[in-house]
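The values are calculated or read from the model by the stated rules, or taken from the named source; none is laboratory data. Predicted, not measured: the structure shown is a model, and the values here were computed from it. Please note: Cβ atoms are built from the backbone with ideal geometry, for glycine as well, and neighbour counts cover all protein chains shown. For the accessible areas, the whole protein counts, side chains as well, though only heavy atoms, and no ligand, DNA or RNA atoms are used. Shrake-Rupley method; radii C 1.70, N 1.55, O 1.52, S 1.80 Å.
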There are 2 protein chains.
Amino acid sequence: MQNQLRVFFLLFALSAPAAFAQATGDLGLVVERTEGSLLVVDQSDRARIGRITGLGDLSHASLVYSPDARFGYVFGRDGGLTKVDILTQSIVGRVMQAGNSIGGAISDNGRYVAVSNYEPGGVRVFDADTLELVADIPTGSKTIGLVDIPGTRFVFSLWDDGETWIVDLSDAEPEITKITGMGANPYDALVTADGRTYIAGLFGDDHLTALDLWQHKPTPTPILEGYAAGREGLPVYKMPHLEGWALAGTEFVLPAVGQHEVLWVDARDLIQTGRTKTHGQPVFAIARPDGRHVWVNFAHPLNDTIQVIDTVSKEVIHQFTPGPGVLHMEFTPRGHEVWVSVRDAGKIMIYDTQNFEKLREIEALNPSGIFFTNRAHKMGL
Amino acid sequence: MQNQLRVFFLLFALSAPAAFAQATGDLGLVVERTEGSLLVVDQSDRARIGRITGLGDLSHASLVYSPDARFGYVFGRDGGLTKVDILTQSIVGRVMQAGNSIGGAISDNGRYVAVSNYEPGGVRVFDADTLELVADIPTGSKTIGLVDIPGTRFVFSLWDDGETWIVDLSDAEPEITKITGMGANPYDALVTADGRTYIAGLFGDDHLTALDLWQHKPTPTPILEGYAAGREGLPVYKMPHLEGWALAGTEFVLPAVGQHEVLWVDARDLIQTGRTKTHGQPVFAIARPDGRHVWVNFAHPLNDTIQVIDTVSKEVIHQFTPGPGVLHMEFTPRGHEVWVSVRDAGKIMIYDTQNFEKLREIEALNPSGIFFTNRAHKMGL
């Protein structure tokens, strides 16, 4: 028995030392977009602790976590779905599930991983343990804005048809509810942090559309009418991300499409309450977890800068230049520090969010999205 | 080298096998109050995976987690502060820091653990790594309602003096801000989940007092006046817990003191918006993480029952009897299941929150508080 144990542990120790007695609550993965790799990082040590390679095309990749904060499910733009183990720092499963995918989600119980596809369109659902296909939901359309909501459900929208579908996977057969009349060409969507309100951005209409998912039969409601006035038919340089409007106090903050400003929207009735002029065209407006400050980064060529806006005064209180190609920001769960991807500097930079001091730089290869494991516990990501 | 490794891993394997490649995101600790022990549980497996003993008097014990979700800091009623390692399932530190303590908190950066004391009163702050005393803050009063807020700060109130103190530990010397005029005999307090609004319950006044901690100089504001009408000077059977008002949609839900009802309070202006009659005198009113349902348990002798209230209709939609002595409820982070301590049945019971089906029973010795590791990522607990 002791000999067997010895052999087992020796083998284990040599092949995957990092899996040893490692808590996962303060870890994270950073997408290295051009390398097809992920950096494994430790928030408490402000350090990189490993790298996982071989994930294919990771431009615009995103990922979600299993409920135990051990496995990451990575959605590559090339249609690859890769499961990685953050403890052993290795790939434990990979399927090419479509030709061109744009993101995914994990069900509230951690059993299902859903992927939203451009090519051939539709949504595919996989077993989170085995990556076996569980449900194939063709839509006849590019599918966007896929999110998870409570009750083993996913919600997504159809670019071509202006519909939103709710898929319930709590029973053996998927049950699909289709909501029509969402508007012309939804290009992205989000759900609020409580999983209640689904909001779709429209390419072909001058408003957004909201659904109250707590209603028995949710009805599309136009919000922020005139939001896109003056930019009809104009492509924007970079589509601001709708995913996760920042909740700051009693308002949401969101990047204004094609403008150098962020919009403030009352979180309860979704009516615009203000605007703040910004340095450039905002890409992400992310609230510190307590909502007191909002951090904003910008589109090319002004993407070397970050501005911090105070929620009470709605004024920019701090501006600085981390370096060329600021792509993403991720706060530690309770907001005392923020990690920033500076792609063209090849660095992640870590800042104290109270005094804005730089605490550390970490080398990374063209870093983009930063994903901390506490996302495992959040809805609608 | 290989021999050394072998010896090391063998020793480790024999002394603490549970520490092996265990992610910590879905673990938890359950207080076994009369035994002075903690059950280590796994949410995904719906199972107990170990027990940590020797923690002293755990009646009314509570605990907080380190940012990596590895260490729990347990606040015993007897003044004991115990640090446990959930990976090795063992005590790694313990100090008797006072004669009689009533709870604690951990700073946003995970560096400091603060404990609030009845005897001798005051707050003591400990290094989270070593449990060495970092700051001793005498107050000349019983100290209650200790919470953490952003910026390495703690907030607490003084029973005897009706004051609230804010302690800032971000610099070498603690900086204390004292707010007077909170009202007569604050007995408990809470902070909202964003760390913004601190609310104290008063034993000697017919209202509660709120502080907006985002103000430069927070001013005490009476709220819910007349809340206690008719019960002046009457002791309540069991003081309902103020910690963590349940945010359900746009309202808070809280147990009404001494009444068989819960109160609904607008989350923005803190004005009462409704009441729901309940089976008994509520102890905890806890919102499912999405806020759609509120689960309520009750004081003796009606403490065998749980009611579930719908947030939209404010009506009781489900009632059941888990068994004698329902003491606490904890939702999985995304709310698909709930764990319930049923003390006198010697069991933890696990329910599906969508269809209310019982999924599992776990044996436990007089279980009370259930604490899942995702609490590591929340403010104000």
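Odds and ends about this structure:
- Residues in the range B:334-381 occluded by at least 30 Å² - accessible area, probe radius 1.4 Å, against chain by itself: B:ARG334, B:HIS336, B:GLN354, B:HIS377, B:MET379
- Within the accessible area of the range A:237-369 (1.4 Å probe), percent carbon and sulfur: 48 percent
- 3J(HN,Hα) along the range B:321-336, derived from phi through the Karplus expression 6.51 cos²θ - 1.76 cosθ + 1.60 where θ = phi - 60°, amounts to 10, x, x, x, x, 6, 9, 7, 9, 9, 7, 4, x, 9, x, 7 Hz, with x in place of Gly and Pro.
- Of the listed residues A:LEU381, A:LEU211, the order by accessible area with a 1.4 Å probe, largest first, is A:LEU381, A:LEU211.
- Projected label points at B:LYS217 and B:ASP171, each 7 Å from Cα along the beta carbon direction, are separated by 1.9 nanometres.
- Per-residue average of Cβ from other chains inside 10 Å of B:21-33: 6
- Two-decimal Rg to Rh for the range B:16-80 - Kirkwood Rh, Cα set: 0.97
- Shape class for the range B:23-162, computed from the alpha carbon gyration tensor (a ≥ b ≥ c): prolate, with a/c not under 1.5 and a/b above b/c.
- Ligands, DNA and RNA excluded, the heavy atoms of B:VAL283 present near 10 Å² of accessible surface to a 1.4 Å solvent probe.
- Shape call, the protein assembly as shown: gyration tensor on alpha carbons, a/c limit 1.5: rounded
- A:THR88, B:THR130, ranked by accessible area, largest first (probe 1.4 Å): B:THR130, A:THR88
- Å² of accessible area per residue within chain A, as computed with a 1.4 Å probe and no ligands counted: 37 Å²
- Buried surface between chains B and A: roughly 4600 Å² of accessible area, summed over both sides, computed with a 1.4 Å probe on protein heavy atoms only.
- Between the range B:258-324 and the range B:152-206, the Cα center-to-center distance that results, in Å: 27 Å
- Close amide H contacts of B:GLY93 (hydrogens built in the peptide plane, cut-off under 5 Å, sequence separation of 5 or more or a different chain): B:LYS83.
- The range A:350-381 and the range A:77-145: distance between their alpha carbon centers, rounded to Å: 24 Å
- Residue-wise HN-Hα couplings along the range B:192-209, as the Karplus relation 6.51 cos²θ - 1.76 cosθ + 1.60 with θ = phi - 60° gives them from phi, are 5, 4, 8, x, 8, 10, 9, 10, 10, x, 10, 7, x, 9, 8, 7, 10, 10 Hz; Gly and Pro carry x.
- For the residues B:PHE320, B:PHE252, B:PHE71, a GNM of chain B with alpha-carbon springs under 10 Å puts the largest fluctuation on B:PHE320.
- 1.4 Å probe, heavy atoms, protein only - residues of the range B:276-291 losing at least 40 Å² accessible area vs chain alone: B:ASP290
- In order along the range A:79-90, phi translates into HN-Hα couplings of x, x, 10, 10, 9, 10, 9, 6, 7, 8, 6, 8 Hz, rounded to whole numbers, per the Karplus curve 6.51 cos²θ - 1.76 cosθ + 1.60 with θ = phi - 60° and x for Gly and Pro.
- Residue by residue along B:43-56, Cβ atoms of other protein chains within 10 Å of the local Cβ number 1 on average.
- Partners of A:LYS142 within straight-line reach, counting lysines whose Cα lies under 18 Å from its Cα and excluding those fewer than 8 residues away in the same chain: A:LYS178.
- Prolate is the label for the range A:123-221, because a/c, from the alpha-carbon gyration tensor with a ≥ b ≥ c as root eigenvalues, is 1.5 or above and a/b exceeds b/c.
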